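The values are calculated or read from the model by the stated rules, or taken from the named source; none is laboratory data. Please read all numbers here as calculations on a predicted model, not as lab measurements. Quick reminder, even Gly has a Cβ in these numbers, built from the backbone with ideal geometry, and neighbours come from all protein chains shown.
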Amino acid sequence: DAYRGRAAQALEKIDQRGGVKEIANPGGDREAGMQARAQAIAKDFASLSKSDREKTIIIAPGHDDRAVINSAVRDQLKLEGSLSGPSAKVETLQSKGLTDAEKRSPDSYSKGDVVRFGREMKGLGIAKGEYLKVADKEGEVVKLERVSGEQIGWNPSARGSGAGRTETFRSESKEFQVGDRVQVTRNIETAGISNKTTGTIEKVAGDKLTVRTTEGQVGLDMSKAENRHLDHGYAMTAHAAQGATADRALVHAESHRLNLTNQRAEYVSISRARQEVTIYTDSKAGLTDALSRQTGEKSAALDKRDARLRAEGEGQKIQATPQKTEAIESTLARFSESGKGMDTGKSVASVTAAARESASAGSQLSKVGAGAGKELGQASAKAAEGLSKLAGEIAKGAGKMLGAAGRLAGGAGRALGDVSNAAGELSKIPGQANEGVKGGEKGGGKD
């Protein structure tokens, strides 16, 4: 009845069996009303036996009320002792659901978000499937950070940024405890678990959770980002509930949520239960009116169109990627080939080393000149001839040194000129004191 345009009649039938519970928003306060309805759902769920709970699903129209209901159910189960024992606080990853256009806008990213890259980004050193945390933003550049602390600047709006192949998640802290019902929110390839899989936590040991699913037992190391696609699984959206069946369904349906409260969504919700349906709403009359006017067909058609366009867009990207990659690699290869023999790093190192050698040579020559001046001042006049010869030899050797240094730095040439002038002045000193000369010659021989 619900999906064939008679949703209002179906709702009336459920109400006649006592299956519709109206809990209004006090004073028009939607948040307070939602909390009250969540509490009612939680108490009804907790009142069931353990086996009946396993055959019951809770359906909420949106992610916001689903989170509120999950929290209320966990609190109720803790009160009655169904949740006990070891627990773990985990930074889970919850999808932000960005559109392709939003993915390419730096404004879509907030500090603390986590970005997963669906393809390798060689230029940035990012591997396919790698998760990086948003550390900061500077203009168009989003600063991504690895666990090691290394940061990478990424501009999602730039051509070839790979933004279209990314997924962005909010980091939400959640407690998981033995006995918790959980739901996988994205495929976890490393554990072989598909999206929407539900299970029960059987063991908690530090960061490691052991989950029992219909496929068997699986261990998840929650210190690894790829395993953090997990949420509490007591309540699920109507979309996520498609394909799931149970004996009992508890449905949260708000009258004012026109995009989520429609005949199609109602059909999905009530058709999940084989035996019993209970609907919790803020207004029976408002819900009846909303279901009468909203078929959900337009939304479904738009969803199908968007899915088709995304699929076509991804196909185009996949086809174009190898060609673009080949062109880029070819260009890089040409640059690499033309740059052979022109190692900039080595050239800079050579110049630096040459400058250091030149400076060292200048320093040594300065010391030699100073020492020679001191000796000349103490020598007698007769040492002139010997000192002149010694100075000539020094000048000759210094000339060779400065010739080499001059090829490395022009400054050494000026030093050579200074030494040569000094040698010329030495030759003019009148000479006497033969003993001084002999002493000078002996000293020169040792040098």
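Residues of region 78-105 being surrounded by fewer than 17 Cβ atoms within 10 Å (Cβ to Cβ), part of a helix (DSSP H, G or I) and of a type outside the set (A, V, I, L, M), which ones?
Lys78, Asp100, Glu102
Suppose we filter Asp75, Asp113, Asp65 for residues that are crowded, with 16+ Cβ neighbours inside 10 Å and either in the same structural domain as Ala253 (by TED's automatic domain parsing) or among the aliphatic types (A, V, I, L, M) (or both); which single one remains?
Numbers: Asp75 fails: crowded, with 16+ Cβ neighbours inside 10 Å; Asp113 fails: either in the same structural domain as Ala253 (by TED's automatic domain parsing) or among the aliphatic types (A, V, I, L, M) (or both).
Result of the check over Asp75, Asp113, Asp65: Asp65.
Keeping to region 44-60, report how many residues are farther than 18 Å from Thr245 by Cα and surrounded by 14 or more Cβ atoms within 10 Å (Cβ to Cβ).
Within region 44-60, residues that are farther than 18 Å from Thr245 by Cα and surrounded by 14 or more Cβ atoms within 10 Å (Cβ to Cβ) number 2.
Could you grab me the full set of residues in region 42-62 that are in a helix (DSSP H, G or I) and either outside the structural domain of Gln242 (by TED's automatic domain parsing) or within 19 Å of Gly286 (Cβ to Cβ) (or both)?
Kept after step one, since they are in a helix (DSSP H, G or I), are these residues of region 42-62: 42-46, 50-54.
Answer for region 42-62, where residues must be in a helix (DSSP H, G or I) and either outside the structural domain of Gln242 (by TED's automatic domain parsing) or within 19 Å of Gly286 (Cβ to Cβ) (or both): there is none.
Quick grid of which residues meet (1) out of contact with any helix residue (DSSP H, G or I) (no Cβ under 6 Å at 6 or more places or on another chain); (2) under 22 Å from Gly112 (Cβ atoms); (3) among the aliphatic types (A, V, I, L, M):
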site: Gly164; (1), (2), (3): no, no, no
site: Phe169; (1), (2), (3): yes, yes, no
site: Gln177; (1), (2), (3): yes, no, no
site: Val182; (1), (2), (3): yes, no, yes
site: Thr185; (1), (2), (3): yes, yes, no
site: Gly192; (1), (2), (3): yes, no, no
site: Asn195; (1), (2), (3): yes, no, no
site: Thr198; (1), (2), (3): yes, no, no
site: Glu202; (1), (2), (3): yes, no, no
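So Asp64 ticks every box in (1) in contact (Cβ under 8 Å) with a residue 60 or more places away in the chain; (2) out of contact with any strand residue (DSSP E or B) (no Cβ under 7 Å at 6 or more places or on another chain) but one. Which box is left unticked?
(1) is the only condition that Asp64 fails.
Of the conditions (1) more than 20 Å from Lys174 (Cα to Cα); (2) in a strand (DSSP E or B), Lys133 clears all except one; give me its number.
(1)
Tally up the residues in region 261-293 that are modelled with pLDDT of 65 or more and outside any helix (DSSP H, G or I), please. Steps first, please.
From region 261-293, those modelled with pLDDT of 65 or more are 274-293; that's our starting set.
Right, trim to outside any helix (DSSP H, G or I) and you get 274-283.
Total meeting the criteria: 10.
Of the conditions (1) touching a Gly at 6+ places or on another chain (Cβ under 8 Å); (2) of a type in the set (S, T, N, Q); (3) under 17 Å from Ala244 (Cβ atoms); (4) free of Cβ contacts under 8 Å to residues at least 12 places away in the same chain, Ser194 clears all except one; give me its number.
(1)
Of a type in the set (Val, Ile, Thr), without any contact (Cβ under 8 Å) to a residue 24 or more places away in the chain and either exposed (fewer than 14 other Cβ atoms within 10 Å of the Cβ) or more than 27 Å from Ser84 (Cβ to Cβ) (or both): which single residue out of Thr210, Thr214, Thr168 fits that description? It would help to see each step written out before you state the result.
On the way: Thr210 fails: either exposed (fewer than 14 other Cβ atoms within 10 Å of the Cβ) or more than 27 Å from Ser84 (Cβ to Cβ) (or both); Thr168 fails: without any contact (Cβ under 8 Å) to a residue 24 or more places away in the chain.
Exactly one residue qualifies, and that residue is Thr214.
When the residues of region 231-260 are narrowed to those that are among the hydroxyl-bearing types (Ser, Thr, Tyr) and surrounded by fewer than 23 Cβ atoms within 10 Å (Cβ to Cβ), which ends up modelled with the lowest pLDDT?
First pass over region 231-260, keeping only residues among the hydroxyl-bearing types (Ser, Thr, Tyr): 234, 237, 245, 255.
Applying the additional criterion that residues be surrounded by fewer than 23 Cβ atoms within 10 Å (Cβ to Cβ) yields 237, 245, 255.
Numbers: Thr237: 84, Thr245: 71, Ser255: 87.
Among those residues, the one meeting the criterion is Thr245.
Given the conditions (1) among the charged types (D, E, K, R); (2) modelled with pLDDT of 80 or more; (3) within 30 Å of Arg119 (Cβ to Cβ), which single one is not true for Arg310?
(2)
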